[in-house]
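Enquirer: Quick one: the structure is below, questions incoming.
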Amino acid sequence: MTPKGIAPWLSTVKSSIGFLQTQLARGLPERWRSSSLASIFNYLPLSDILATAGQPNEKQFAAIERAGFRSVINLAPHGVENALPDERSVVTGLGLSYVHIPVDFKNPTEADYQEFCRVMGQTGETKVFVHCAANMRVSAFLFRYRTQVLGESLAIAQRDLHQIWVPFGVWAEFILRGGADVGELDQ
């Protein structure tokens, strides 16, 4: 299922172009950088206590804290192009808990996913913000988590996934691990 009227590949192109725009924005003076939640690249609230996005900047992390989030989970490796030099300090300096699970975009592993499930299981009713570089790793991890752990509808989880991108290659394989029926998913 794709968002109404949008070709399945268009969200992937949008995410790729948007990622490049975030790279350009890093060169802007701090005063010109946006600080709202909605301005975070690929921001997608999934519930009252769970939201996802690409890489926030320092001002956007302050907005995340003001919005009531108490935990931040980062799935991007430290070395990605748009990573903050010391994200842990930025986040914990705001009084938020921080967990880093560096997922290799070319090789998402079951160990990464199991660690993610363990961490999500510990959050309880805490308001959680999960991000990576472009919300592509996160959207795939949360597709699996929502359908396999929380028992949510494949159609609803896929609708949210496709707002960010349509996984291909190792990521298409990753989301199908652990029980998703390929016949139930729009390709």
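The values are calculated or read from the model by the stated rules, or taken from the named source; none is laboratory data. Please read these numbers as outputs of a predicted model, since none were measured by experiment. All Cβ positions, glycine included, derive from the backbone under ideal geometry; neighbour counts span all protein chains shown.
Enquirer: Condition check: hydrophobic (A, V, I, L, M, F, W, C) and either modelled with pLDDT under 60 or closer than 18 Å to residue 124 by Cα (or both). Does residue 44 satisfy that?
Expert: Numbers: hydrophobic (A, V, I, L, M, F, W, C): yes; either modelled with pLDDT under 60 or closer than 18 Å to residue 124 by Cα (or both): no.
So residue 44 does not fit the description; no.
Enquirer: Then there's this: Do we find that residue 149 is touching a helix residue (DSSP H, G or I) at 6+ places or on another chain (Cβ under 8 Å) and under 20 Å from residue 61 (Cβ atoms) in this structure?
Expert: On the way: touching a helix residue (DSSP H, G or I) at 6+ places or on another chain (Cβ under 8 Å): yes; under 20 Å from residue 61 (Cβ atoms): no.
Taking the combined requirement at face value, the residue does not satisfy it.
Enquirer: Just the residues that are closer than 17 Å to residue 121 by Cα and touching a Lys or Arg at 6+ places or on another chain (Cβ under 7 Å), please, taken from region 139-161.
Expert: Listed by number, the list holds a single entry, 152.
Enquirer: Name the residue that is nearest to residue 169 (Cα to Cα), counting only residues in region 112-131 that are in contact (Cβ under 8 Å) with a residue 40 or more places away in the chain, of a type in the set (A, V, I, L, M, F, W, C) and in a helix (DSSP H, G or I).
Expert: 116
Enquirer: Among 184, 115, which is the only one that is modelled with pLDDT of 95 or more and out of contact with any Ser or Thr (no Cβ under 7 Å at 6 or more places or on another chain)?
Expert: 115
Enquirer: Residue pairs, Cβ under 6 Å, 6 or more apart or interchain, first in region 41-68 and more than 16 Å from residue 83 (Cα to Cα), second of a type in the set (Gly, Ala, Ser) and at pLDDT below 95. List them.
Expert: 63/35; 63/36
Enquirer: Now for a different question. Can you tell me which residue within region 86-111, out of those that are outside any loop (DSSP other than H, G, I, E, B), in contact with a Phe, Trp or Tyr (Cβ under 8 Å, 6 or more places away or on another chain) and not β-branched (Val, Ile, Thr), is nearest to residue 40 (Cα to Cα)?
Expert: So the residue we want is 87.
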